[in-house]
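Asker: Input: one structure, supplied below.
The values are calculated or read from the model by the stated rules, or taken from the named source; none is laboratory data. This one's a predicted model, so the numbers in the text were calculated from it and none came from an experiment. FYI the Cβ positions are ideal-geometry reconstructions off the backbone, even for glycines, and counts take in every protein chain you see. What goes into the accessible areas is simple: the full protein's heavy atoms, side chains included, and nothing from ligands, DNA or RNA. Shrake-Rupley method; radii C 1.70, N 1.55, O 1.52, S 1.80 Å.
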Amino acid sequence: MELLRKWLGHPEDIYHLLRFKMGGYRAVMPRMDTDSLGCGLRTCYRYLNQTSRSFAAVIQALDGELRHAVCIFYLVLRALDTVEDDMSIPLDVKVPMLHEFHSHLYQPDWKYTESKEKDRQVLEDFPTISMEFRNLSKVYQDVISDICHKMGVGMAEFLEKKVDSEREWDKYCHYVAGLVGIGLSRLFSASELEDSIVGQDTDLANSMGLFLQKTNIIRDYLEDQLEGREFWPREVWSRYAKKLSDFAKPENIDMAVQCLNELITNALQHVPDVLTYLSRLKNQSVFNFCAIPQVMAIATLAACYNNQQVFRGVVKIRKGQAVTLMMDATNIQAVKAIMYQYVEEIYQKIPSTDPSSNKTQQVIASIRAVSLPGSPMASRHHYSPIYLSCAMLLAALSWQYLSTLSKATEEYVQAGDN
């Protein structure tokens, strides 16, 4: 019944969930035929689905050989990330492993069988992944190996130090996400599905990754605290508390929210770059692949802004909201309208007493300048009373059926994963 109450509060979600379930998802995530693939590639796509259903869906929707290159790129970085996350590996072993990991791509028999992480299969069967890596065109191999090397070095750098300054926050996010954006952009250009400028403009590609990573770090405050991790920059949070963990205490909630708003303002500064990057894309499958996580991120930041719940539990967007974004974010004008809508939502919530209020307003003004108000997207949440009544009746009749919707949709609600 709780699910029914939520949908009655947002009856438009019923329509969008049904639209998604009845075939709307095929427009952005067409089914991939794996029967024609060789044994090694089939295994790689199985690992892809096991380690990330959300990324698996959009990767498999990419066109041509780019799909396989991005699949292998993801699995290689997943294996690298599994090494970094594995606390059972001593630092004197882990650091050289991270530095040298890229070289294992050319060693047919290399594997690591001592990991305790949930995704350890990508290390235990690394020979299959590395074999398919070596089957890729050299232009793809060079990109994947280079990014893997740079990311391994960056991960090793931050193993024994915390993120202190905002500059270091950007640097950390560059290593773990910005490099992914740069690598993907180079793959897009190498495939010739996109112009060379997409892969050459590393600043814009870096911003794509930073926007997503900062969103995840902001949203995941409580989860990271419970697991003993800290990614919020000390330079910012130390102005509001003596320890980052103090934000979880009820008596510090006002200062916690002020710090949260400042970090969200920082993340929003990447939105103009995101829109510029997306405006250059020509291939529909590449556009969908890039745009969907970005609109999920802006919706997540709007949900988190000035929200005490970030320090008490999980903040995520609704399933109906998520599938709407997935189906609507298929062209640059629609994405601009989505960005405009959510920054306006943030603008309406800016407290006059917030220390970052002026800066937040300035950043939103810069986003407004590159967005287009008045598009059909901007009014998509307005429905007639008759429609609302029908939607509520439909909700009462079908809520149980809709509760079985794909888990992949729920993963997208979280603005993408690693």
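Asker: For the stretch 271-349, which fully contained helices (runs of 4 or more DSSP H) count at least 3 residues that are closer than 30 Å to D254 by Cα and modelled with pLDDT of 95 or more?
Answerer: Working: elements: 271-279, 284-304, 319-328, 332-348.
Correct list: 284-304, 332-348.
Asker: Let me ask something else about it. Residue check: is R318 open to solvent by 20 Å² or more (accessible area, probe 1.4 Å), among the basic types (K, R), within 27 Å of G64 (Cβ to Cβ) and in contact (Cβ under 8 Å) with a residue 40 or more places away in the chain?
Answerer: Working: open to solvent by 20 Å² or more (accessible area, probe 1.4 Å): yes; among the basic types (K, R): yes; within 27 Å of G64 (Cβ to Cβ): no; in contact (Cβ under 8 Å) with a residue 40 or more places away in the chain: yes.
Spelling it out, it is not the case that R318 is open to solvent by 20 Å² or more (accessible area, probe 1.4 Å), among the basic types (K, R), within 27 Å of G64 (Cβ to Cβ) and in contact (Cβ under 8 Å) with a residue 40 or more places away in the chain.
Asker: Here's a follow-up. Anything in the stretch 142-164 that is open to solvent by less than 10 Å² (accessible area, probe 1.4 Å) and not aliphatic (A, V, I, L, M)? List them, or say none.
Answerer: C148, G152, G154
Asker: Taking only the stretch 286-311 into account, find how many residues are of a type in the set (G, A, S), in contact (Cβ under 8 Å) with a residue 40 or more places away in the chain and surrounded by fewer than 24 Cβ atoms within 10 Å (Cβ to Cβ). So that I can check it myself, show each step before the final result.
Answerer: Applying the first criterion (of a type in the set (G, A, S)) to the stretch 286-311 yields 291, 297, 299, 302-303.
If we keep only those that are in contact (Cβ under 8 Å) with a residue 40 or more places away in the chain as well, we get 291, 297, 299, 302.
Applying the additional criterion that residues be surrounded by fewer than 24 Cβ atoms within 10 Å (Cβ to Cβ) yields 302.
Residues in the stretch 286-311 being of a type in the set (G, A, S), in contact (Cβ under 8 Å) with a residue 40 or more places away in the chain and surrounded by fewer than 24 Cβ atoms within 10 Å (Cβ to Cβ): 1 in total.
Asker: Quickly run through the stretch 164-178 and pick out the residues that are touching a residue at least 24 places away in the same chain (Cβ under 8 Å) and either over 24 Å from D86 (Cα atoms) or in contact with a Cys (Cβ under 9 Å, 6 or more places away or on another chain) (or both).
Answerer: Across the stretch 164-178, the qualifying residues are S165, E166.
Asker: Here's something else I'd like to know. Do you know which residues across the stretch 190-227 are of a type in the set (S, T, N, Q) and either surrounded by fewer than 18 Cβ atoms within 10 Å (Cβ to Cβ) or in contact with a Pro (Cβ under 6 Å, 6 or more places away or on another chain) (or both)? Walk me through it before giving the result.
Answerer: Let us first name the residues in the stretch 190-227 that are of a type in the set (S, T, N, Q), namely 191, 196, 200, 202, 206-207, 213, 215-216, 225.
Of everything in the stretch 190-227, those that are of a type in the set (S, T, N, Q) and either surrounded by fewer than 18 Cβ atoms within 10 Å (Cβ to Cβ) or in contact with a Pro (Cβ under 6 Å, 6 or more places away or on another chain) (or both) turn out to be S196, Q200, T202, Q225.
Asker: Do the conditions hold for K249, that is, is it modelled with pLDDT of 95 or more and surrounded by fewer than 21 Cβ atoms within 10 Å (Cβ to Cβ)?
Answerer: Yes; evaluated as a whole, the condition is true for this residue.
Asker: How about the stretch 97-122: which of its residues are of a type in the set (S, T, N, Q), assigned to a helix (DSSP H, G or I) and under 22 Å from L48 (Cβ atoms)? Steps first, answer last, please.
Answerer: To start, the set of residues in the stretch 97-122 that are of a type in the set (S, T, N, Q) comprises 103, 107, 113, 115, 121.
Filter once more, so that each one left must be assigned to a helix (DSSP H, G or I): 103, 121.
Scanning the stretch 97-122 gives a single hit, Q121.
Asker: Hey, Y175 hits all of (1) open to solvent by 30 Å² or more (accessible area, probe 1.4 Å); (2) assigned to a helix (DSSP H, G or I); (3) of a type in the set (F, W, Y); (4) in the same structural domain as E262 (by the TED database) but one; which does it fall short on?
Answerer: With respect to (1) open to solvent by 30 Å² or more (accessible area, probe 1.4 Å); (2) assigned to a helix (DSSP H, G or I); (3) of a type in the set (F, W, Y); (4) in the same structural domain as E262 (by the TED database), Y175 is out only on (4).
Asker: Another question about this same structure. Against the conditions (1) closer than 22 Å to A291 by Cβ; (2) open to solvent by less than 10 Å² (accessible area, probe 1.4 Å); (3) at pLDDT 95 or above; (4) among the hydrophobic types (A, V, I, L, M, F, W, C), where does L77 fall short? Just the number, please.
Answerer: All conditions are met except number (2).
Asker: Answer yes if at least one residue in the stretch 110-125 is among the basic types (K, R), touching a helix residue (DSSP H, G or I) at 6+ places or on another chain (Cβ under 8 Å), farther than 25 Å from G178 by Cβ and open to solvent by 20 Å² or more (accessible area, probe 1.4 Å), and no otherwise. Before the answer, list the steps.
Answerer: Restricting attention to the stretch 110-125, the residues satisfying the condition of being among the basic types (K, R) are 111, 116, 118, 120.
Still in the list and also touching a helix residue (DSSP H, G or I) at 6+ places or on another chain (Cβ under 8 Å): 111, 120.
With the extra rule that they be farther than 25 Å from G178 by Cβ, the set shrinks to 111, 120.
Narrowing the set further to residues that are open to solvent by 20 Å² or more (accessible area, probe 1.4 Å) leaves 111, 120.
Yes, that holds for at least one residue.
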